[in-house]
Structures are given as structure tokens and as C-alpha cells.
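A short worksheet on the structure shown next.
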Amino acid sequence: MKNTIIICCLLLLAGCGKPTATQVYTTCDMTSIYSHTSFPVGVAVDAYKLQTNDQYRNIVIAQFNSLTGENAFKFESVEPAEGQYNWTETDYIADFARQYGKRLHGHTLVWHSQLPDWVPGYTGDWRSMLRDHITQEVGRYKDVIHSWDVVNEAFNEDGTLRSTLWLTHLGTGYIQMAFEDAHAANPQAKLFYNDYNLEWNPQKLDGVLRLLTQLRAAGVQVDGIGMQMHISSSYPDISLAGDAAKKIANTGFLVHFSELDVNMKEPDSRTLLSADEQQQQARRYAAVFTAYSQLSPAQQFGITLWGVSDADSWIVRGLPLLFDNNYTSKPAYCACKSLK
Ligand code: XIL
């Protein structure tokens, strides 16, 4: 009897370590995430944190081989006054990418949000204003930024064009104009359209694909689509995101999971997830990386995490990233490295 109990306990314990549908992600080695994947793994970065926070900087250097500026390359940061550019942070990030040999993805040229105050009241020629902005920014980083989110979040959920300042002042052709200007400023660069909810809303995705396919047929260079992938612990079903990614790939565009985070919707002020929540989050990350790895390699641009640690995330109290507030790796980190 006693022996039977001991054997049962041993079997139970052994079962815990087995990689099954309920795999437990605990510890793993700290080699770079991208050495475990066949595609680049990137992170959104902030110039000030790279300069002032060693833990942050070291993780960026060690773990990722692609970078996106989280805010630095946006219109309000780059051109705070008309025709007056501020390149302090963008130059820092560009130099960092050159120094450490990281791929640098530009985010973003045309968006309705994070615009400087002067843009809404602008009374000059909007066509030249847009062209100048794109030409200056893309041209300056021609040697180091090989891909751009040219247009961000231009569609409504029903697949129609969002009403923005750009639409009002330039008409429906503004997306084409932006892609053409970016291409003229750096003919080598890969050019992306980037948006959220494409992972689960087919109406929105179809609207995007319809327009980009038309542009491509008209000879405009459009290379890929960024699916932001701000997802939560329960939504959407990752199979939906996988299907959407395949649809994009089958239409001939590169797929970038461009701003991945998994919001755990932390309801109180705890700064750590429970063990169960950690595992739940890890399973979501593993599912996302697995779905992405099933795309044809030629269509894989990479997966980018939207920040380094939970302390850096734009999501307040969502504890959505791979490192906790103390820059310690979470089970989610190991899950991203668990692809077979
Ligand atoms: C967010 C940044 O993470 C925040 O720091 C900033 O305050 C607001 O913008 N979609 C995008 C990103 O395309 O640029 C946004 O980034 C998040 C949503």
C-alpha cells in the first residue's frame, strides 16, 4: 500500500514536467529569443530608457534582433513645429541599432494620433507638407531603417476608411501618396500598412486587403501588413489570428506581428501575476509564436513585443510583457522559446 502511494506520487510529479496541452513554463536559459525562432524577434524601445536603465538596455541587446521606436519616430516627436525637426531621440535609436547590428523598423509616418498641435490648424498645402515630412524622415535614416509603417490605423472596424485629418485634407488618395513618397525617399525600404483588430475582425482586414491589393495592382509598392496584436488573456482565439495572418500571407504580403502584448487585465494594484495567471499568459504567448511560425518563411517579417518589461508597457496594470517590473523573465518569456 505504502509503495503504491509512493509510486503514484512519483508518477504525478513526473507528469508535471511533461510538455502537454497544459505545459508548465517555468525556467529556461537566457539565450536570445531570436536564436529559438526562424524569424526576427523585436521590441519597441525608448531612447531615454536605453540611455538610463542598464537592465532595460542589456535585455534589448541580448534578447532581440529587431527594434521599433515606441514613440520617437512619430510625427509629434519628429516635427514638433512646422519644418523644424527634432532628431535627438531618433538619432540615438538609429545609432544604437547601427552599433549593435539590430534591424530597425520605422513607426510611423502617417497616423491620426500623436500629431503635433500645428498640424490640425495647418492652412498651407497639405500635399507638400505630407511629402516633406516623409521625405525628410525616411531619407535621413535610409542606411539603417529598411522598413516603415507608412500608414497606421486608417480603417474603421467595418472596413471603410477612417475619417481623419489626412482624409479630409487629401482625399481617399492619401494612403497611395504616402506609400509613393516613402518609396521615393528610400526605394529599398519595405513598406507596411499597420493596424489593430485585424487579427479577429475579417471585415476590417478585408477592407485593408482590398485597398492594398488595388494599390499594388496600380504599381504602388506595398510590401506587408502589421497586425498589432494587442491581445488579452482570453481574446481573441489565437486560431483566428493565425487564419488572418495566413490570409495576409496568401495575398502575397509580408506579415508582421508588430506590437504584441498580452493584457492580463490586472484589476488591483498587484505588481505580479499569480502562478496560474503566469501560466495562462505563457500559453497565450506560446500559441501566438506557434501560429506565426506556421506561416510560410518567405512571408514572415517577424514578431515585435510592444515594450521590454511590464513596467515599460503602455498598458496600465495589464502586466502584459515577457519581463516583470524588476526585469526578471516571466514564464511567458520561456514560452516564446518553446517552439519545436
Ligand atoms: C503607444 C505607445 O506605446 C505609448 O507610449 C503612447 O503614449 C501612445 O502610443 N498603436 C500604435 C502604437 O500603433 O504607436 C501605440 O503606441 C499603441 C497602439
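Would you tally the net charge around LYS190, using a Cβ to Cβ cut-off of less than 12 Å, leaving LYS190 out, and scoring K and R as +1, D and E as -1? In short, -1. Given +1 at the Cβ of Lys and Arg, -1 at the Cβ of Asp and Glu and no other charges, the dipole of segment 32-332 around its Cα centre is 760 debye to the nearest 20.
DSSP finds beta bridges in the chain, and of those with both partners inside it, around 10 percent are antiparallel. What FRET efficiency comes out for THR160 versus TYR122 if R0 is 25 angstrom and r is the Cβ-Cβ distance? Round to the nearest 0.05. So the FRET efficiency works out to roughly 0.50.
Taking the chain as a Gaussian network of alpha-carbon nodes connected by springs under 10 Å, the highest mean-square fluctuation of the residues TYR292, TYR25, TYR122 belongs to TYR122. Exceedance of the 25 Å cut-off in Cα-Cα distance is limited, within the set LYS74/LYS142; LYS204/LYS246; LYS102/LYS142; LYS190/LYS247; LYS142/LYS247, to LYS142/LYS247. Taking the alpha carbon gyration tensor of the chain, multiplying each eigenvalue by 5 and rooting it gives semi-axes of 39, 22, 18 Å, largest first. Secondary-structure-derived ellipticity at 222 nm for the chain, considering helices only, amounts to -12000 deg cm²/dmol, per-run term -39500 (n - 2.57) for DSSP H runs with n ≥ 4. If you plug the beta carbon distance of SER113 and THR31 into 1/(1 + (r/R0)^6) with R0 = 41 Å, you get a FRET efficiency near 0.65. At full extension, THR52 and GLN203 could sit 50.0 nm farther apart than now, given 0.36 nm per residue minus the alpha carbon distance.
Heavy-atom accessible surface of segment 32-332, averaged per residue, reaches 39 Å², computed with a 1.4 Å probe. Computed over the Cα atoms of segment 15-113, the ratio of the radius of gyration to the Kirkwood radius (Rg/Rh) comes to 1.12. Computed over protein heavy atoms with a 1.4 Å probe, the carbon and sulfur contribution to the accessible area of segment 32-332 reaches 48%. Please report the base-10 log of the normalised intensity I(q)/I(0) for segment 36-82, using a Debye sum with one equal scatterer per alpha carbon and no solvent, at each q in 0.16, 0.17, 0.19, 0.23 (1/Å). Cα-only, vacuum Debye calculation for segment 36-82: -0.53, -0.58, -0.67, -0.84. Over the chain, Cα pairs under 8 Å with separation of 6+ residues give a relative contact order of 18 percent. Here's how it looks for SER147: its modeled amide H is under 5 Å from those of GLY106, LYS190, which are all 5 or more places away or on a different chain.
The values are calculated or read from the model by the stated rules, or taken from the named source; none is laboratory data. Keep in mind that what you see is a predicted model, and the values were worked out from it rather than measured. Don't worry about glycine lacking a Cβ; one is built from the backbone with ideal geometry, like all the others, and counts go over all protein chains shown. SASA here: full protein model, heavy atoms, side chains in, ligands and nucleic acids out. Shrake-Rupley method; radii C 1.70, N 1.55, O 1.52, S 1.80 Å.
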